[in-house]
Amino acid sequence: MRNLSLTARLTIIFVLIMAAACASITLTLYGALRHELIWRDDQTLINRAEQLRQLLRDGAKPETLPLYFNRMVDTRQDILLIHPAKGPAITLNQTGVTLPTAILPGKLQRGRTREGEEIAFLSLRGEAENGAVMLTVARIARERAKVLEQYRQRSLLVCLAALTLVAILSPVLIRRGLRAIAKLSKITADTNADQLYQPIPLHRLPRELLPLGEALNTMRSRLAHDFTRLTRFADDLAHELRTPVNVMLSQSQVALGQERTPDEYQRLLEGNIEELENLSRLTDNILFLARADHHNVALRKEAFSLPDTLENITDFLEPLAEEKALSFLVQAEGEIFADRLMLQRALVNLITNAIRHAPEKTLLRINATFGERFVDISVGNQGELLTETEKLYERFWRGDDARHSPGTGLGLALVKAIAELHGGYAWYRHHQGENCFGIRLEGQKPARVMRAGEQA
């Protein structure tokens, strides 16, 4: 059924269900009918035997009983045996079936003839003028078998007709019921980029398709958001690439406008090299973010000292902090299990961002808090509560003056990507006059101190 259409699959399922229903109903009714016919035959047999015995009590002679028997029975399937105490036995049997000789009196018995037909017989003791008489009546279930055979044939025809009707009508009704899916598919196929913000109308959908419609609306909303981000990202990227290219182009055009000294050409080349280095860093960062989005970055996790790492970073960034007379306060201890180079890259970006926006002659706080299975590392600097906090970790976003503020706007985006690669996330909060940027790394094992080279 792998390549069958949904209509064909549902039709097969409906036909199978109908077949099972017809079979169960037919078998149930057949069993009830057969049980009823057997009960009626047994009651008829018992009543006739009692009537014959009552005739003997009323003075009828044994030899006259066949006359009464012929009037009350069907001689084609009923048998009568009379064994008087004196005189020859009387037999009324036109069926061609021989009854067994050992018949228990007073008990209804059943069996089968040599031809396989069902037979029931009953023997009763009666009293006549000349003594006791043994009466035996029997019935072969020929009429009952004929009725049951007709019932089976008619039931089979009715079931075949019902299955044929279901097989014909099911595809028509199923296709009619699946029109909503076809409409939903057409709406989805005809959706353009400018229509992603328009949700699919759900009020006309059947109840069963509401979850699918809601899921499609959620997907359209996410696609619209991602499309907007992609468009904005492309615009920002074009701006970031255009600026250094225009700078190099204008410098080169000015330099070629007239003869220059070798020193001037050297300074021009040095300036172009600086711009090319910025372009190279920008390209590397963009490629890293693209690979991080697809989780295509291999982590080399190891256990190392967090205080030593923070000390090395603050020593490296100390000249930058001294320009604004900033000082560091590091509160961290213990080991951390992460990719050392990536974590250093994230921490450098966090601390550089804090240095850039901290007021002069203030304190930068660097804290590390260990939980049961995680560690939070934060960098705080004094400042007012930031607005549009949901955009802080977006690419190329640099606050109110995005085009003229220093940097490329990828630093915090890199921090977020590195945190997510470690199974965590990046966060921001304003606490006691400080703007705190931090990352949470999951999967830590504080219960045991891990050494470099050990496996997690």
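We did not get these values from a lab; they are worked out from the coordinates using the rules stated. Since we're looking at a predicted model, the values are computed, not measured. Ideal geometry is used to build each Cβ from the backbone, glycine not excepted, and the neighbour counts take in all protein chains shown.
By the scheme Lys and Arg +1, Asp and Glu -1, what is the net charge of all other residues having a beta-carbon under 14 Å from that of E127? Overall, the nearby charge balance is +2.
3J(HN,Hα) along region 362-368: 10, 10, 9, 9, 10, 10, 10 Hz, from the Karplus curve 6.51 cos²θ - 1.76 cosθ + 1.60 with θ = phi - 60°, whole Hz, x for Gly and Pro. Computed from point charges on the beta carbon alone (+1 for Lys and Arg, -1 for Asp and Glu), the dipole magnitude for region 233-360 about its Cα centre is near 400 Debye.
Neighbour counts of other C-beta atoms within 10 Å: give me K86, K324 arranged from fewest to most.
Ordered from fewest to most neighbouring Cβ atoms within 10 Å, K86, K324 come out as K86, K324.
Of all DSSP beta bridges confined to the chain, the antiparallel ones make up roughly 90%. When both region 96-145 and region 282-301 are represented by their alpha-carbon centers, they are found 96 Å apart. The convex hull of the Cα atoms of the chain, projected and averaged over all directions, covers 46.9 nm². Rounded to whole numbers, the Karplus 3J(HN,Hα) couplings from phi for region 181-193 are 5, 4, 5, 4, 5, 5, 4, 5, 5, 8, 6, 9, 4 Hz, using 6.51 cos²θ - 1.76 cosθ + 1.60 with θ = phi - 60°, and x at Gly and Pro.
Computed per residue of the chain from DSSP H runs no shorter than four, each worth -39500 (n - 2.57), the mean residue ellipticity at 222 nm is -18000 deg cm²/dmol.
A cut-off of 5 Å between modelled amide H atoms, ignoring neighbours fewer than 5 places along the same chain, links D339 with E302.
Of the residues L386, W397, L326, the one whose Cα sits farthest towards the positive end of the charge dipole of region 301-442 is W397 (charges of +1 on Lys and Arg Cβ, -1 on Asp and Glu Cβ, taken about the Cα centre).
For G424, the amide hydrogen comes within under 5 Å of the amide hydrogens of E442, counting only partners 5 or more places away or on other chains and with H modelled in the peptide plane.
Residues in region 347-359 carry Karplus couplings, in order, of 5, 4, 5, 5, 5, 4, 4, 5, 4, 5, 10, 7, x Hz; the curve used is 6.51 cos²θ - 1.76 cosθ + 1.60 with θ = phi - 60°, and Gly or Pro positions show x.
Rounded to whole Å and ordered largest first, report the semi-axes of the equivalent ellipsoid of region 301-442 derived from its Cα gyration tensor (root of 5λ).
23, 18, 14
Neighbours of A368 by Cβ distance under 13 Å: Lys/Arg scored +1, Asp/Glu scored -1, total -3. The largest-to-smallest principal axis extents of the Cα set in region 202-297 are 80, 30, 9 Å. Once C-alpha pairs closer than 8 Å and six or more residues apart are averaged by separation and normalised to the residue number of region 301-442, the relative contact order reads 22 percent.
The three principal axes of the Cα atoms in region 284-331 give end-to-end lengths of 41, 27, 14 Å, sorted in falling order. For a test of the definition: using alpha carbon positions, the gyration tensor, and the 1.5 limit on a/c, classify region 1-151 as rounded, prolate or oblate. Prolate is the answer for region 1-151, as a/c is 1.5 or above and a/b outweighs b/c. Amide H contacts under 5 Å for T95: none, restricted to partners 5 or more places along the chain or on a different chain, H placed in the peptide plane at 1.01 Å from N. Across all C-alpha atoms in region 106-200, the radius of gyration and Dmax reach 34.2, 113 Å.
Only aspartates and glutamates eight or more places from K391 in sequence, or on another chain, were considered; those with a Cα closer than 16 Å are D226, D236, D400, D401.
Sorting 216-222, 189-195, 9-15 by average packing, meaning the other beta carbons within 10 Å per residue, from highest down gives 9-15, 216-222, 189-195.
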